[in-house]
């Protein structure tokens, strides 16, 4: 069984990738990346800001388990929309109240106050992201599951995440699948067919229900990110200032 530290592996994968991105100013700008800020809690968690998105994202690890010699981690993606956004209209009354309460929510950064963070972790969830990570902090499988419309800002975050991971590792998926289950759409990016087969078996997924992703333009964009030949900037000009 895996002896990989799930918390450390997740931090290494995310933080190394985005730290690498900030040293390439042109790529950083093209990706729309604005900033990342680690949340100093026991569980790995980060806030993200994108240039083209008004609100802020929270990505937090909430579950993990070994997968043969690798590690599978589940992360929740939360989105805190700005008032007036289409995403804001779909919030519950309780969620809207939290965003309006200055003691609970910092409007300047569009993120929860540190003291009230725990009030938000079960709310504002827009997607689940799963990562299979090996002992060398390499991504072997990525899954993205959401009920949200493809036009939701969560799709922008998925683009940023995949492109950044691929840019840092100089690798991309070999196969891409889609699974439709009621209102939930799950995308699978397979970097290692052998590991993906283990994943399918472990979680008892029906391979016959998996369909090849037909979003050709998006898939090609993610592949190209692994082959960007960029010149390193003299400083991390686009690193987060939050």
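The values are calculated or read from the model by the stated rules, or taken from the named source; none is laboratory data. If you're wondering where the values come from, they're calculated on a predicted model, not measured in any experiment. For neighbour counting, all protein chains shown are included, and Cβ atoms are generated from backbone atoms with ideal geometry for every residue, glycine included.
Within region 107-118, work out how many residues are within 22 Å of the chain's Cα centre (by Cα) and not in a loop (DSSP other than H, G, I, E, B).
Qualifying residue count for the region: 5.
Mind telling me which of the residues 61, 123 ends up being at pLDDT 95 or above, in contact with a helix residue (DSSP H, G or I) (Cβ under 6 Å, 6 or more places away or on another chain), part of a loop (DSSP other than H, G, I, E, B) and surrounded by 13 or more Cβ atoms within 10 Å (Cβ to Cβ)?
On the way: 61 fails: part of a loop (DSSP other than H, G, I, E, B).
Step by step, each of 61, 123 is checked, and only 123 is at pLDDT 95 or above, in contact with a helix residue (DSSP H, G or I) (Cβ under 6 Å, 6 or more places away or on another chain), part of a loop (DSSP other than H, G, I, E, B) and surrounded by 13 or more Cβ atoms within 10 Å (Cβ to Cβ).
Read through the list (1) modelled with pLDDT under 95; (2) in contact with a helix residue (DSSP H, G or I) (Cβ under 9 Å, 6 or more places away or on another chain); (3) farther than 12 Å from residue 110 by Cβ, then give the number of the only condition that residue 86 fails.
It is condition (2) that residue 86 fails.
Just the residues that are touching a residue at least 24 places away in the same chain (Cβ under 8 Å), over 19 Å from the mean Cα position of the chain (by Cα) and not in a loop (DSSP other than H, G, I, E, B), please, taken from region 205-233.
Matches in region 205-233: 209, 211, 212.
Report yes if residue 98 is part of a loop (DSSP other than H, G, I, E, B), modelled with pLDDT of 95 or more and surrounded by fewer than 22 Cβ atoms within 10 Å (Cβ to Cβ), otherwise no. I'd like the intermediate steps shown before the answer.
Details: part of a loop (DSSP other than H, G, I, E, B): no; modelled with pLDDT of 95 or more: yes; surrounded by fewer than 22 Cβ atoms within 10 Å (Cβ to Cβ): yes.
Criteria not met by residue 98.
Is it the case that some residue within region 18-34 is in contact with a strand residue (DSSP E or B) (Cβ under 6 Å, 6 or more places away or on another chain) and more than 16 Å from residue 228 (Cα to Cα)?
Yes, region 18-34 contains at least one residue that is in contact with a strand residue (DSSP E or B) (Cβ under 6 Å, 6 or more places away or on another chain) and more than 16 Å from residue 228 (Cα to Cα).
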